[in-house]
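Notes to accompany the following structure.
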Amino acid sequence: MKIVVLDGYTENPGDLSWGGFEKLGNLTVYDRTAKEDVVARIGDADAVIVNKTPLDAAAFDACPQIKYVGVLATGYNVVDVKAAAEKNIPVCNIPTYGTTAVAQMTFALLLEICHHVAEHSDAVKKGEWSNNADWCFWKYPLMELAGKKMGIIGFGRIGQAVGKLAKAFGMQVLAYDAYQNESGKEIADYVTLDELLKESDVISLHCPLFPETEGIINEDSISKMKDGVIIINTSRGPLIKEADLAKALREKKVYAAACDVVSTEPIQPDNPLLGCYNSILTPHISWAPKESRQRLMDIAVSNLEAFLAGNPVNVVNKNL
């Protein structure tokens with residue numbers, strides 16, 4: 001079997017091994033692939049592995065020998081899954097690798113808002129503590145989380161992992177999800193979306209990007225929130241209408257926002273959140289600890305092994 005990885009760098013910038021794939025066939029790995037080079041680089045490969053490189057219907061038409069597509073991510077919108085299904089090509093994603101990492105990053109962002117650790121460290125290194133008249137100082141309001149309410153929109157694996165951390169910090173957890181389950185009820189109180197917006201001190205997004213969730217944070221939903229709410233997004237950028245959030249940040253309706261994802265990635269210079277002093281923006285790294293990427297690699301290899309054994313798993317287009 002010939003296997004090609006079209007954009008392997010973000011998954012493996014050199015600290016992991018592609019050895020699992022090499023055991024399954026003749027492997028070629030490209031760090032990145034421009035759209036115009038996709039067909040040529042696929043060539044006569046049987047299995048195509050992608051992360052963010054688009055595979056459209058034209059690519060499948062031009063490469064009829066493709067038998068399998070593996071996505072090095074949970075989201076698979078870069079692949080025309082319907083076109084693949086029409087050619088009986090399974091598209092397999094990685095659904096569970098990043099739960100711990102994303103939950104940890106959610107609280108890294110929230111704690112930075114609460115304590116401004118980086119800025120206070122920079123101030124100390126600049127001599128501001130040495131030259132201070134008092135034995136301590138702080139440049140921003142500091143905040144405890146205990147006793148506050150965290151509202152989590154999307155209460156699947158990651159949302160529930162975040163909820164457990166919130167409870168460990170002494171927070172009350174509210175959850176909104178179309179599908180309630182017993183494990184969720186042990187962590188949070190399920191409420192309506194309007195109730196969550198009204199009651200939460202912190203709102204964290206962990207829902208998939210669907211037409212019904214796109215722009216779920218917008219001028220109208222923000223108007224229903226408490227004054228001084230904190231918003232965290234480690235899920236998908238288009239869940240937020242960024243101009244509306246930026247306006248709320250400038251007007252201090254929203255105390256602070258932290259986003260690891262934005263609507264267009266890499267972030268564009270005209271993104272309105274860039275001009276907000278009370279926003280934290282990180283470059284889509286919540287998934288990226290080495291341990292998390294190793295799990296992703298292991299599952300990606302297992303997905304291809306299962307396909308070769310005639311029992312494909314994690315197939316996202318099997319019912320199309």
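In the distance distribution for the range 122-179, Cα-Cα pairs more than 18 Å apart total 54 percent. Along its principal axes, the range 99-281 has C-alpha extents of 55, 38, 29 angstrom, given from the largest down. Placing unit charges on the Cβ atoms only, positive for Lys and Arg and negative for Asp and Glu, gives the range 1-112 a dipole magnitude near 220 debye about its Cα centre. Considering the options 3, 263, 83, tell which one lies farthest towards the positive end of the dipole of the chain, charges being +1 on Lys and Arg and -1 on Asp and Glu at the Cβ, about the Cα centre. It is 3, whose Cα lies furthest towards the positive end.
Of 50, 277, 146, which is farthest towards the positive pole of the chain's charge dipole, taken about the Cα centre with +1 and -1 on the beta-carbons of Lys, Arg and Asp, Glu respectively? Of the options given, the answer is 146. Computed from label points 7 Å out along Cα-Cβ, the spacing between residue 124 and residue 306 is 4.7 nm.
Taken about its Cα centre, the range 201-320 carries a charge dipole of about 140 debye when Lys and Arg each add +1 at the Cβ and Asp and Glu each add -1 at the Cβ. Classify the range 189-296: rounded, prolate or oblate, from the alpha-carbon gyration tensor (a ≥ b ≥ c, eigenvalue square roots; a/c under 1.5 rounded; otherwise prolate if a/b is larger than b/c)? The shape class here is oblate.
As a test of the formula, what do you get for the chain when each DSSP H run with n ≥ 4 contributes -39,500 (n - 2.57) and the sum is divided by the residue count, at 222 nm and rounded to the nearest 500 deg cm²/dmol? Before the final figure, lay out the partial values.
Values: 12 runs with 103 residues, N = 320.
Calculated mean residue ellipticity at 222 nm is -9000 deg cm²/dmol.
Could you compute the FRET efficiency for residue 65 and residue 243, with r as their C-beta to C-beta distance and R0 at 51 Å, rounded to 0.05?
Values: r = 45 Å, r/R0 = 0.89.
FRET efficiency, residue 65 to residue 243: 0.65.
Sorted largest first, the principal axis extents computed over the alpha-carbon atoms of the chain equal 69, 47, 35 Å.
Which of 198/247; 290/318; 139/198; 126/148 have a Cα-Cα distance over 22 Å? Working shown, then result.
Numbers: 198/247 19 Å; 290/318 31 Å; 139/198 30 Å; 126/148 34 Å.
In this structure, 290/318; 139/198; 126/148 lie more than 22 Å apart at Cα.
The order of 33, 53, 282, going from fewest to most other C-beta atoms within 10 Å of their C-beta, is 282, 33, 53. Cα extents for the range 86-144 along the principal axes, largest to smallest and rounded to whole angstrom: 72, 24, 16. Placing unit charges on the Cβ atoms only, positive for Lys and Arg and negative for Asp and Glu, gives the chain a dipole magnitude near 320 debye about its Cα centre.
Since every read-out is calculated from the coordinates, none of them should be taken as a lab result. Owing to the predicted nature of the structure, the values given are computational and were not obtained by experimental measurement. Quick reminder, even Gly has a Cβ in these numbers, built from the backbone with ideal geometry, and neighbours come from all protein chains shown.
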